[in-house]
1. Tell me, yes or no, whether the stretch A:142-157 has at least one residue that is over 21 Å from A:ARG239 (Cα atoms), more than 8 Å from chain B (Cβ to nearest Cβ) and in a loop (DSSP other than H, G, I, E, B).
2. For the stretch B:276-303, give me the residue count where each residue is under 21 Å from B:ALA225 (Cβ atoms) and either modelled with pLDDT under 95 or open to solvent by 100 Å² or more (accessible area, probe 1.4 Å) (or both).
3. What do you reckon, is B:GLY112 of a type outside the set (Ser, Thr, Tyr), closer than 28 Å to B:GLU255 by Cβ and modelled with pLDDT of 95 or more?
4. I want to confirm something. Restricting to the stretch A:196-216 and keeping residues that are out of contact with any Lys or Arg (no Cβ under 8 Å at 6 or more places or on another chain) and surrounded by 14 or more Cβ atoms within 10 Å (Cβ to Cβ), which single residue is farthest from A:ILE76 (Cα to Cα)?
5. Looking at B:SER39, is it part of a loop (DSSP other than H, G, I, E, B) and within 22 Å of B:LEU135 (Cβ to Cβ)?
6. Exactly one of (1) over 17 Å from A:ALA48 (Cβ atoms); (2) open to solvent by 30 Å² or more (accessible area, probe 1.4 Å) is unmet by A:ALA174. Its number?
7. Just a yes or no: is a residue in the stretch A:120-136 free of Cβ contacts under 8 Å to residues at least 12 places away in the same chain, touching a helix residue (DSSP H, G or I) at 6+ places or on another chain (Cβ under 9 Å) and not in a loop (DSSP other than H, G, I, E, B)?
8. Considering only residues that are among the aliphatic types (A, V, I, L, M), assigned to a loop (DSSP other than H, G, I, E, B) and crowded, with 22+ Cβ neighbours inside 10 Å, which ones fall in the stretch B:242-270?
Amino acid sequence: MSTLTASVPAGTGDRIALIRDKALWIRRHAFKMVFDAQLGHPGGDFSAADILATLYFGVMRYDPAVPRAPGRDRFIMSKGHCTGAIYACLCAAGYFPEAELATYMRPLTRLAGHPNRNYLPGIETNTGPLGHGFPVGVGIAIAGQLTGSDHRTFVLTGDGELQEGSNWEAAMTAGHRKLNRLTLIVDRNRLQQGARTEETAGLDPLDDKFRAFGFHVEMIDGHDVGALLAVLGADPAGRDKPLCVIANTVKGKGVSFMEDNVSWHHGVPNPEQFAQAMKELI
Amino acid sequence: MSAAPSTAAGRFDCRDAFARTLEELAEADSRIVTVVNDSVGSSKLGAFKKRWPDRTVNVGIAEQNMVGVGAGLANGGLVPFVSAAACFLTGRALEQIKADIAYSNVNVKLCGQSPGIGYGELGPTHHSIEDLAWLRLFRELKVIVPADPWETAEAMRWAAAHDGPVFIRVSRFPVPALDRAQPTFAPGKAEMLRSGEDVAILANGVMVHLALAAADQLAAEGVAARVVNMSWMNPLDQDAILAAAATGAVVTVEEASVRGGLGGAVAEVLALNRPVPMEILGFPDFCPTGSVKFLFDRYGLSADGIAAAARKAIGRKVRS
């Protein structure tokens, strides 16, 4: 699609610096939204921020002026509760003006508690209940196979979310059909709403599970932008399998008192905590 | 286009009309694909698959994934017809239908095969008597319950042309082709098949021809029964319901639960606008073991049963 911006080749120092800047911007704005609304899921916003920034500022091709261009790369935020991060990211990518971020969770806002494709450009499917994004991503990838479109499809799930069986139905289809232009990214922060994943319904060895389902698996530091860029930016034509990126992350990444602390799944900051976080997010 | 008889003389399995019409549509529009849960045979899609193997997306026995994949195919510019036994399509994947299809408002056609008690002796796990109550709640999702092969084919053609989500029931219970003077498919409209001012019988799906037979019985007794084909559950034709209420007594008949389906929908309209005596025919609970015919008869889903319900409703009219 000529209207779509091709992603910049991976690996340049300037690109990595830009992505880091955008990730910081996403974290600061997501947290401000959560603070103002006194609602949200900031821990998961922070674990996903570097992944989102890498996709939108280093990997994906899209045009915010033509949000449903047929040849666009698709991103699905299957962990739909982390709206602070995805809204801040879409705003940074040019889908809507920055002033609108202040409406987060307000009555009748487009920036709802969970993303709605009919409210906001850049959202591909309405998520919120877990285990929904991956099957939809599989369908988008099959459509690419059937129509000969070269778009890529990226789905970001939480790790606790993988306890939903629908993901494994989708994984079977993706592996069976060798959907090489499909990438599943797992935000592996090891915390779900109530406790550690491994204390709740253990997922390890997660890489073996996806390999067994027919995926090429990469396990990387989900906050290492260089690694994210290299793995996510690699040409999928070189693969005959779908890609699963297990991004090892830290819930609450970037703010000392939030990191790896389950209470920040949907905890919201008081003024002192907000001020402290803003000092650290620089 | 009429379907060839596949059962007893003069009776038709609506799946034949479904499959043939889908082929006709797919021939004209390369965007049309099917999505199935190992349900090629039960959906009578063998010929479709043979002709278009690539356009037959079989995800295996995985209904949540099937519906999500349908939403994704629509996102990618295709027009998916997701076809599976109604019980599994709507029961197993209800949250996907809610979030991925209706709330997301995407161009996916859901085809509920062998709905109601079509699987007879296989029992309530395989019956789909809940689907109408569940799915009529979603305003975005158009819900159509065709009465015969002609209406099944027309509903399919309309669904393919409509940009948005649709649910169509595709019955396997053999029904006669309804005798229509001027067949016209009017989206969102009920179809008055027989006029009458003593009582109105509102039916959908395979119950419609039984309602007509009941009206014949009643006519022999001097009772003029209106028969209305309420194939559209969503949107609901409120005008037709209110016009039916002018007879002073209403009977609803559906191959579904007596709670929340056509009877519930009509009761809502009447209670809010024009209360009249009403009888609701359908299934009161999970069904015991029995053939389709046995269960229909047991719960009054027969010409005799419908006529009896009509007499009862007439008897409850307020005398002035």
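The values are calculated or read from the model by the stated rules, or taken from the named source; none is laboratory data. As the structure is a computational prediction, the values presented were derived from the model and not from experiment. Reconstructed Cβ throughout: ideal geometry from the backbone, glycine too, with neighbour counts over all protein chains shown. Areas reflect the complete protein model, heavy atoms only, side chains present, ligands, DNA and RNA absent. Shrake-Rupley method; radii C 1.70, N 1.55, O 1.52, S 1.80 Å.
1. Of the residues in the stretch A:142-157, the ones over 21 Å from A:ARG239 (Cα atoms) are A:157.
So of that shortlist, the ones also more than 8 Å from chain B (Cβ to nearest Cβ) come out as A:157.
Then keep just the ones that are in a loop (DSSP other than H, G, I, E, B); that gives none.
Scanning the stretch A:142-157 turns up no residue that is over 21 Å from A:ARG239 (Cα atoms), more than 8 Å from chain B (Cβ to nearest Cβ) and in a loop (DSSP other than H, G, I, E, B).
2. Total meeting the criteria: 0.
3. yes
4. Per the criteria, the residue is A:THR200.
5. It is true that B:SER39 is part of a loop (DSSP other than H, G, I, E, B) and within 22 Å of B:LEU135 (Cβ to Cβ).
6. (2) is the only condition that A:ALA174 fails.
7. no
8. Once the filter is applied, which keeps residues that are among the aliphatic types (A, V, I, L, M), assigned to a loop (DSSP other than H, G, I, E, B) and crowded, with 22+ Cβ neighbours inside 10 Å, the stretch B:242-270 yields only B:ALA249.
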